Each structure stands twice: as C-alpha cells, then as structure tokens.
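Right, one structure below, let's go through it.
The values are calculated or read from the model by the stated rules, or taken from the named source; none is laboratory data. The shown structure was predicted, so the numbers you read here are calculated from the model rather than taken from an experiment. Every residue, glycine as well, gets a Cβ built from its backbone with ideal geometry; the counts of neighbours run over all protein chains shown. These area figures cover heavy atoms from the full protein model, side chains too; ligands, DNA and RNA do not enter into them. Shrake-Rupley method; radii C 1.70, N 1.55, O 1.52, S 1.80 Å.
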Amino acid sequence: MWALLVLIGAAAVSAHLQDLAFDGQKVFRVIPQNDEQVAILNSLASNIEVDFWQPDSVTLVRPKMQVDFRVEADTSFEVEDLLKETGMEYRVLIDNLQAAVDAQFDSKARTTSHSYEKYNNWETIAAWTADIAAQNPDLVSRSVIGETYEGRPMYVLKMGKSGPNKKAIFMDCGFHAREWISPAFCQWFVKEAVETYGKDTVMTTLLDSLDFYVLPVVNIDGYVYTWTNDRMWRKTRSKNAGSRCIGTDPNRNFNAGWCTLGASKSPCDSTYCGSAPESEKETKALADFIREHLSTIKAYLTIHSYSQLLLFPYSYAYKLPSNYEELKSIARAAAKQLASLYNTKYTYGPGATTIYPAAGGSDDWAYDEGIKYSFTFELRDTGRYGFVLPESQIKPTCEETLLAVKYIANYVLEHLY
C-alpha cells in the first residue's frame, strides 16, 4: 500500500506542469470507519494534492465522518485503487469535474447584463450595486467600507426606510471564493426587498423597522480569480511573507479563538489563519464596519456553501453560547420555514459539534462582540454538485433561504435588545 502512495506522489508532481483545467478530475466521498482509515487519508493528503471540500482540511477528518475531496486527473485511478485496496467505503460524487464546471452555466448564451438566476462575475455585481441603489433611492444606498488586497472597493448596500434610531441586521456573502451560490443569495435578497416592499407585509415591516447592511461579496479578489484562473480557489489573494503560497482563509482570520482548532498556521493550507487576526484587508474592513455600528447591529448572518446547515456559535470551542436554547429554537424554526417550500432538509446546531471545529470565524467573532443573534448558513447542496451547483438551482435555493432569513429577521425585530 505504501508503495502505491509513493507512486501516486510521483504522478502528482507532473500534474502541476499542466494548466488548471479540471478535465478528468474526480470528487470522491469516503467514510473512514476507524483511526487506521483516517491515517490512510492523512498519508494520501501528504503525498499528493488533495483538495478537501468537506471538511475543509484533512486534520478535521474523524472516523465515521463523511469526507468529500477532489484529486487531479492523473492520480484519480490510483486513489480509487487505494480506496478499494484498503476497504474504505467510498463513492465517486463527480466523475469529471470539468463537465460539472461547464454544466454550472445552464444557458450557453452568456450576456454581460446582470441576472438573478445566473452566476454574475464581479464587474457585473459591482455595476448592479450602483444600479439598484440608483433605482431605489428611498430604500437602498451604497457605500464603500474598504478595499481588497488587490485594490477593489468593497461595497455595502444599506437597505431600509429612513427613520430614527433604527436597529440593523448585517449580512454578508462570498467569504470563500468558490462558493458561488452565496453571492447569488445576497443579490436575491436585495431584489426581493425592493420588489416586495409595500406588497409583502413581513418584508415591508422589516424594512420600515430595521436596516439591513448587505455585503454581496467579502472575498472579491478570490471571487474574481475563480472566474479568471481557478474555479476552485477558496482563499484571499494576498501574498504571504516567506512563502510562495498565496492567500488566507478569511473565515479563519477573525479574533475568535484565532488559529487554534480547525485552522492552519501553514500559508499553503486552505484553512490558513493568516499572520495575525484581521491581517487581511477584507476581514479588517468588515470587522471595523461592524465595530463602528455595534450599537445598532443586532444580528449577523453569513452565507456559505455547501452542506445545508444552519449554524450558530461556537465553532472555535465546544462550549455553548449563553443563549444556546434561544439560538437553537430560532434555528429550528428557521430550518422548518426553509423546508416548507421544497422540503430541503437543513441540520442546525452549534458549529463545532454540528460539523467540525473551526477557529477564527466571523460568526463567533460577531457573537463575542455582543451580537446576540449570529448565524451561518451553508446553502445547497449536500455534495451531489458541491461547489458547482447548477444555475437552475439558484432560484429555488434563494427562495427557500429567504424564508429562513425573513423568519430570523422578524424574530430579531420582536426581540430587540
């Protein structure tokens, strides 16, 4: 078996000499049954390039856990042989990743105009933020809260009828570059707010009584990179001193148990925590904005994918938040609302125990800053498409998620503190 691992390692070196096309790359799902099988996955990851989709890192793999990972085309057959030989339970989720990436775009006729039912590139989203504010001046305003490592402005849309002493909810999308369904939801939410204001009683009440700050894409540089260079890129695009590896995981970069459980100190890892908390310009801009508005922001919602989960603190430790029972009952009711439309099942609970520990996350940080209602959504699906969810699923995903977000927002409005 170990000879096989060495062979796989040799094949991986040559893989690097080719371009980043995903032709022939496979995504496997395995369920290691014991520590020995976990060790096999660890040794595999140290011998070849393995991109862990779920969980984010091989260090988080435990027995009986569902593990999704992507391997290069020229090692996929050896990996499959290894899994067979070691008797590990597995299946191939995606047989050819390039085909799945191509199939994301349901319509081959791509226009440059913005669409709520298509994936939009950053230029299109940026133009849309200006347009939606210009078209709805009494409901939407746009401001810049900072800029990215590569110098792109970070736009926040403030939504709501103007009024005195209004409390607010902050929502962001696009922390991890490859999770395209996430920015799609932020855009959808804004659309629904402006289109249903004055028609839908819940949305009208929410916008009359609260402000919503919506940050459509946190990790803009990374998102641009997924459109231009590498669809599977996750991190930011900042340079790391003393390393050839680029980027930090922005959702391991907050000062909440920073760089302890479930985060890596290695710049080459996908869960790299950065050189210090808020070392990334993007996370610092977001944190500064929330700190400046801490007296008004009463809920924090961050949208990720995939897994169909609704999580709340804590992820950096196994401790429970002081209002655990309340957060659990909100999550339960929100998940029920979400399922009411297409029967999509969400699992809910504290991050560390519901999926895996992850230190330095924005949700834990916001909660520790005093924002009592802090939730992370992991949108569709559960792995059939993973990060390459087809455009045909944007509308149903956003419709159902909106029900949960409206439920949470309404709860917050009725329990202001």
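Sub-6 Å Cβ pairs linking a first residue in the stretch 237-262 that is without any contact (Cβ under 8 Å) to a residue 40 or more places away in the chain and outside the structural domain of VAL58 (by the TED database) to a second residue that is among the aromatic types (Phe, Trp, Tyr) and open to solvent by less than 70 Å² (accessible area, probe 1.4 Å), at least 6 apart or interchain, are THR248/TYR272, ordered by first then second residue. Would a scan of the stretch 271-278 turn up a residue that is of a type in the set (Val, Ile, Thr) and either without any contact (Cβ under 8 Å) to a residue 24 or more places away in the chain or open to solvent by 10 Å² or more (accessible area, probe 1.4 Å) (or both)? Checking the stretch 271-278: not a single residue is of a type in the set (Val, Ile, Thr) and either without any contact (Cβ under 8 Å) to a residue 24 or more places away in the chain or open to solvent by 10 Å² or more (accessible area, probe 1.4 Å) (or both).
Checking each residue in the stretch 236-265 for being open to solvent by 10 Å² or more (accessible area, probe 1.4 Å), more than 18 Å from TYR316 (Cα to Cα) and in a loop (DSSP other than H, G, I, E, B) picks out ARG237, ASN240, ALA241, GLY242, SER243, ARG244, CYS245.
Residue check: is ALA331 of a type in the set (A, V, I, L, M), at pLDDT below 95 and closer than 26 Å to LYS64 by Cβ? So ALA331 fails the test. Of the residues in the stretch 138-192, how many are open to solvent by less than 10 Å² (accessible area, probe 1.4 Å) and part of a strand (DSSP E or B)? So the answer is 11.
Looking only at residues in the stretch 81-136 that are open to solvent by 60 Å² or more (accessible area, probe 1.4 Å) and of a type in the set (S, T, N, Q), the one that is modelled with the highest pLDDT is GLN135.
Scan the stretch 304-321 residue by residue and report those that are part of a loop (DSSP other than H, G, I, E, B) and either of a type in the set (D, E, K, R) or more than 23 Å from GLY386 (Cβ to Cβ) (or both).
Within the stretch 304-321, the first condition is being part of a loop (DSSP other than H, G, I, E, B), and the residues that meet it are 306-308, 313-321.
The answer is PRO313, TYR314, TYR316, ALA317, TYR318, LYS319, LEU320, PRO321.
Rundown of residues vs (1) at pLDDT below 95; (2) within 28 Å of TYR367 (Cβ to Cβ); (3) of a type outside the set (D, E, K, R), yes/no style:
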site: PRO216; (1), (2), (3): no, yes, yes
site: ASP230; (1), (2), (3): yes, no, no
site: SER238; (1), (2), (3): no, yes, yes
site: THR248; (1), (2), (3): no, yes, yes
site: ARG252; (1), (2), (3): no, yes, no
site: ALA256; (1), (2), (3): no, yes, yes
site: LEU261; (1), (2), (3): yes, yes, yes
site: SER266; (1), (2), (3): yes, yes, yes
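Among the residues that make up the stretch 179-187, is at least one of them more than 28 Å from PHE52 (Cβ to Cβ) and β-branched (Val, Ile, Thr)? Taking every residue of the stretch 179-187 in turn, none turns out to be more than 28 Å from PHE52 (Cβ to Cβ) and β-branched (Val, Ile, Thr). If the condition is being open to solvent by 10 Å² or more (accessible area, probe 1.4 Å) and within 19 Å of ALA100 (Cβ to Cβ), then the stretch 43-65 contributes GLU49, VAL50, ASP51, PHE52, GLN54. Applying the criterion of being surrounded by fewer than 18 Cβ atoms within 10 Å (Cβ to Cβ) and among the polar types (S, T, N, Q) to the residues of the stretch 210-235, the residue that is nearest to LYS395 (Cα to Cα) is THR228. The helices (runs of 4 or more DSSP H) found wholly in the stretch 322-400 and carrying at least 2 residues that are without any contact (Cβ under 8 Å) to a residue 40 or more places away in the chain and surrounded by 15 or more Cβ atoms within 10 Å (Cβ to Cβ) occupy 324-342. Looking only at residues in the stretch 22-42 that are open to solvent by 20 Å² or more (accessible area, probe 1.4 Å) and touching a Phe, Trp or Tyr at 6+ places or on another chain (Cβ under 8 Å), the one that is nearest to HIS304 (Cα to Cα) is ARG29. Answer yes or no as to whether LEU215 is within 15 Å of the chain's Cα centre (by Cα), assigned by the TED database to the domain that holds SER141 and under 17 Å from ILE132 (Cβ atoms). Against the criterion (within 15 Å of the chain's Cα centre (by Cα), assigned by the TED database to the domain that holds SER141 and under 17 Å from ILE132 (Cβ atoms)), LEU215 qualifies.
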